[in-house]
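Worksheet: one structure, shown below.
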Amino acid sequence: MSEFLEIRDLMISAIYGEADEEELRRLEAGLARDESLAEEYRQLRATVAEVEGADLAGDPGKKFWLGVWPRVRRGLEAEGRAEQRRILSGRLTAFPWRPALQFVFVAIMLVVGIFIGRFLGEQDVEPAQPPAPSVTAVSFPYEDEIEAREQDFIVDATLASLERSESVLQEFLDVDPGRWGDREEAFFSNLESSHNLFDELAELRGSLRGGRYGFVSTLLDELEIILGDIAGIEVDDDLAFEIERLQEDIADRRLLVRIREIETAFPESRSVRTLPLRPVNR
Amino acid sequence: MVPTDAELVSRARGNEMGAFRQLVDRYKRRAYYTALGIVGNHHDAEDVMQESFLQALRSLDRLRNPGGFCAWLLRIAYNRSIDLRRRRLREVSPDGREDGVELFDTIGSESAENNPERSMRSGEIAGLVMSTMEKLPESQRVAFALKHIGQLSIKEIAAATGSTESTTKTNIYRAVQRMRKVLSPLRIQGSGVADERVS
């Protein structure tokens, strides 16, 4: 390799921070010998700095990254099922009596079909029913009540989600940051549950209406952030630190205490109420 | 203790879902950005990433060096991305010519290239870089994109593209030179970007 080509390769390695000490020394020596190469190096560095300063790729967002594993897992499961079907169908194909069995099956179905047809033919035919009277549109008097009950269902669903969030957070708080691997499957199952709740709470928060649920919405909002962070945990060198940080965050926000306060404020299921006997006055 | 790739691959071969998950979490960003660097748009990159993981995970038994999972995955993502890009090019340009065809979701536009003094904002630089990238020969475009969008090391790019490190450096060098020509009119004098130090 010529000296120019070698220096050029070294320039690229150095610009991207991939040159070792020895290579950097050789590059410095080469640039000291040739001012035009030194100038080119400065220009290339400036260009790369500009390109790196511009956000070429963008970030698709937290929700996207959280969804990668669930999508891949669904794909793996679907492939597993397809593989099982393929193996099963291969076994059936390999069965030497298959064409004969198909013939027998078709013959049996024909006989059964004829038998059913004859049996039905002997039954009395019911006389035709008169056409149903046309329905006139009327105002529905329970509209307000139905809307109120919809909200009750949402509150119930929220309470159920909060109950599950409480146990997921409690399980997470019980994890020893340095020894998460001791109960690895349980740990990942906790991340999975956090992911499901993350999706669920976002929908519920959008459905809760009315000022009186403001404090519930605020809590759901904070839970969504924490559960999203838990679900997004990645196994790397900072994992223990990340677990500890989130555990502190959960404690600082008093999430478990606040969930229990809400559970106390709505002690009974609201959606089991019956409709009033009289229509609501409008 | 964070498990190594070789440990995770070995456990994943035993169909352990936790190991699959850790491999996916560890490399999802690199797979996504590798694909994005070549296909140029989010939806295709997402599809390539997912399909690459499925292909890699279902054929783990064929991976001879379990510690080389990352390079193997990136190679799969690279091949799938190149296939998809060629398919997309055939859709928009049936004769297969790349001239004038832009697959990237560019932020900027041709007008930015013609009027470089207009703005120095990073969005416009990004647009200019993207549109210039589309005009580069494939080997240079891929090497540059995998470096700047895929954030791969030179060694990883060489492994993914089946090339040598020296050829990869040459391709990146030529692409950066082209960028330099396009961006130089935009450069603000004395911006402090240039640095005389080597490291």
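Each reported figure results from applying straightforward, stated rules to the coordinates on display, with no laboratory input. Source: prediction; values computed, not measured. All Cβ positions, even for glycine, are placed from backbone atoms using ideal geometry, and neighbour counts span all protein chains on display.
The phi-based Karplus calculation (6.51 cos²θ - 1.76 cosθ + 1.60; θ = phi - 60°) puts the 3J(HN,Hα) values of region A:255-263 at 5, 5, 4, 5, 4, 5, 4, 5, 4 Hz, whole numbers, x for Gly and Pro.
The mean count of C-beta atoms from other chains within 10 Å of the C-beta of residues in A:54-65, rounded to a whole number, is 6. Residues A:GLU192, A:GLU22, B:GLU124 in ascending order of nearby Cβ atoms (within 10 Å, fewest first): A:GLU22, A:GLU192, B:GLU124. Quick check on my link table: of B:LYS135/B:LYS155; B:LYS28/B:LYS147; A:LYS62/B:LYS169; A:LYS63/B:LYS135; B:LYS28/B:LYS155; B:LYS28/B:LYS169, which ones sit more than 27 Å apart, alpha carbon to alpha carbon? Beyond 27 Å: A:LYS62/B:LYS169; A:LYS63/B:LYS135. Each residue of region B:170-178 is assigned a 3J(HN,Hα), and the resulting list reads 4, 5, 5, 4, 5, 5, 5, 4, 5 Hz, derived from the Karplus form 6.51 cos²θ - 1.76 cosθ + 1.60 (θ = phi - 60°), x at Gly and Pro. Within a straight-line Cα-Cα reach of under 13 Å, B:LYS181 can be paired with the following aspartates and glutamates, leaving aside sequence neighbours fewer than 8 residues apart in one chain: A:GLU40, A:GLU50, B:GLU113.
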